[in-house]
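One structure is given here, and the rest of the page talks about it.
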Amino acid sequence: MSKLNETVLEIDLSALEHNYYFLRSKLNSSTKFMGIVKASGYGSDPLIIAKKLAALKVDALAVAYAAEGVQLRKAGIQLPILVLHPQVANVELLIEYCLEPSIYSPRILKAFCQAAKNSGQNEYPIHLKFNTGLNRLGFCENDVEYIAKEIKSSKAVMIKGIFSHLAASEDAAEKEFTQRQIAGFEKIVKDAEAAFGPIPIKHLLNTSGILNYPEAQWDMVRSGIGLYGYGNDPAIDPLLKPVVSLRTIISQLHAIEPNESVGYNRAYRSQGSRTTATLPLGHADGIGRHYGNGRASVIIHGKKAPIIGNVCMDMLMVDVTGIECREGDEVTIFGKEQSAEVFAAYANTISYELITSISSRVKRVYK
Ligand SMILES: *Cc1c(COP(=O)(O)O)cnc(C)c1O
């Protein structure tokens with residue numbers, strides 16, 4: 001890579017490939033793999049990630065909302081795309097762009113079946129989503145009969161998949177709860193197949209499900225965070241590689257005298273003489289104020305430099321006292337030197353939130 005001269009989010013597709021093969025190695029060879037590219041590919045670049053996943057021969061992709069699927073289709077992605085949380089207002093759009101809806105409620109079922117009929121569809125593939133304990137989206141287990149009645153009258157749609165989502169697959173303390181979700185899904189599958197006949201793709205596991213409950217892999221798994229390099233488990237993280245790294249440079253160094261202040265509201269007060277570095281990124285780039293005032297550190301020449309004072313919109317200041325560095329030197333916010341999981345933990349959050357909040361102002365570069 002050429003020398004850094006501004007803030008960038010580096011995207012490493014060889015890391016994506018590594019993580020994909022690592023996750024695949026945990027699965028039966030016949031199990032299908034759905035790559036999750038919602039929220040702009042977990043904050044990276046949905047098109048680049050989708051194209052790489054297609055080249056790696058994943059079986060399907062998933063996004064949260066219809067517009068995300070439309071963006072992939074317009075870029076020429078031909079894999080099946082599941083839309084996890086479609087809205088009634090978008091049912092025609094789903095059909096127009098060959099996107100497979102998650103059907104999670106009577107309301108979306110009715111709207112989608114009507115739209116499929118109106119546009120003359122024949123056996124349009126849908127996935128039924130059941131709630132087994134997350135209590136977020138999905139039919140309840142005794143809705144099977146109702147769904148059967150609603151669908152059987154029409155040849156417009158075909159049940160390609162049935163799925164549910166685990167609430168705490170990363171949490172060993174919730175093993176019993178997870179096993180109840182798995183058993184609940186098993187029963188729903190039995191009832192649904194009795195009502196509809198065989199359903200081709202039954203799927204339940206997210207990344208931590210793959211790692212902790214591979215016995216419940218059914219016909220397909222849905223992985224997001226693992227592909228991007230995080231396993232919700234300190235024992236797994238070293239085996240994965242971060243796909244995104246946030247890097248910047250030192251804009252300016254300041255020598256601060258004792259009893260001076262740094263930044264807005266004079267939130268930092270110097271005890272002794274300090275050297276501070278101003279970095280060209282701030283809360284408008286996705287590094288929020290909750291990382292400020294000593295909570296988080298960045299990495300400069302392998303050393304930790306704490307963020308001091310309040311994070312500004314376009315800048316933040318770090319204490320580099322004792323670190324040999326110059327203006328223009330490289331700084332890592334998160335990446336190989338300090339994982340996004342570690343940086344996120346400084347602000348009591350998780351890798352998922354941190355990597356999906358790096359704003360579009362930050363230039364994406366590819367490795
Ligand atoms: C986001 C999402 C996933 C992916 O979860 P990871 O923990 O990132 O692997 C899988 N299934 C559903 C329904 C999701 O919303």
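Throughout, read-outs are computed from the coordinates displayed, never taken from laboratory work. Treat the numbers as computed from the prediction; the structure is a model and nothing was measured. Quick reminder, even Gly has a Cβ in these numbers, built from the backbone with ideal geometry, and neighbours come from all protein chains shown.
Determine ³J(HN,Hα), in whole Hz, for all residues of segment 221-229 in sequence, where each value follows from phi through the Karplus function 6.51 cos²θ - 1.76 cosθ + 1.60 and θ = phi - 60°; x replaces Gly and Pro.
These are the phi-based 3J(HN,Hα) values: 10, 10, 10, x, 4, x, 4, 8, x Hz.
Running a GNM on the chain with Cα contacts under 10 Å, which residue among Tyr124, Tyr20, Tyr264 ends up with the highest mean-square fluctuation?
Tyr264
What is the projected area of the convex hull of the Cα atoms of segment 244-366, averaged over all directions, in nm²?
If you wrap the Cα atoms of segment 244-366 in a convex hull and average its projections, you get 7.0 nm².
Return the inverse of the average 1/r over all pairs of distinct C-alpha atoms in segment 15-158, which is the Kirkwood hydrodynamic radius, in Å to one decimal.
After inverting the mean inverse Cα-Cα distance, the result is 16.1 Å.
Which Cα, out of Ser30, His283, Gln217, lies furthest along the positive dipole direction of the chain (beta carbon charges, K/R +1, D/E -1)?
Farthest towards the positive pole: Ser30.
Going by the alpha-carbon gyration tensor, a ≥ b ≥ c the square roots of its eigenvalues, is segment 1-82 rounded (a/c under 1.5) or, if a/c is not under 1.5, prolate (a/b greater than b/c) versus oblate?
oblate
Just add up the charged neighbours of Ser154: K/R +1, D/E -1, any other residue whose Cβ is under 12 Å from the Cβ of Ser154.
Every neighbour counted, the sum reads +3.
Which trypsin sites (Lys or Arg not before Pro) in segment 66-169 pass both tests, a DSSP loop state and at most 12 other beta-carbon atoms within 10 Å?
Arg136
Could you calculate the FRET efficiency of Thr349 with Asn265 from 1/(1 + (r/R0)^6), where r is the beta carbon distance between them and R0 is 30 Å, rounded to 0.05?
That pair, Thr349 with Asn265, gives E of 0.85.
Where is the GNM fluctuation largest for the chain (alpha-carbon springs, 10 angstrom cutoff): Pro46, Pro280, Pro101?
Of Pro46, Pro280, Pro101, the most mobile in the Gaussian network model is Pro280.
Could you calculate the FRET efficiency of Ser119 with Asp329 from 1/(1 + (r/R0)^6), where r is the beta carbon distance between them and R0 is 51 Å, rounded to 0.05?
In this case the efficiency is close to 0.30.
Provide the net charge surrounding Arg247, with neighbours chosen by a C-beta distance below 14 Å and charges set as Lys +1, Arg +1, Asp -1, Glu -1.
Counting the neighbours of Arg247, the net charge comes to -2.
Using all Cα-Cα distances in the chain, what percent lands in each 10 angstrom bin from 0 up to the longest?
5, 22, 27, 21, 14, 7, 3, 0
If I model a spin label as a point 7 Å beyond the Cα along the Cα-Cβ vector, how far apart are those points for His290 and Arg136 in nm?
So the two model labels end up 1.7 nm from each other.
Out of the DSSP beta bridges found with both residues in the chain, what percent are antiparallel (nearest 5)?
If I count the DSSP bridges inside the chain, around 50 percent turn out antiparallel.
Calculate the dipole size of the chain relative to its Cα centre from +1 charges on Lys and Arg beta carbons and -1 charges on Asp and Glu beta carbons; express the result in debye to the nearest 20.
580 debye
Around Pro106, what is the net charge, scoring Lys/Arg as +1 and Asp/Glu as -1 over all other residues with Cβ under 14 Å from its Cβ?
+1
Hey, what did segment 1-131 get for relative contact order, percent, Cα under 8 Å, at least 6 apart?
Here the relative contact order equals 16 percent.
Cα centroid distance between segment 170-217 and segment 245-268, in Å?
Comparing the Cα centres of segment 170-217 and segment 245-268, I get a distance of 50 Å.
What order do you get for 36-44, 80-88 when each peptide is scored by the mean count of other beta carbon atoms within 10 Å, highest first?
36-44, 80-88
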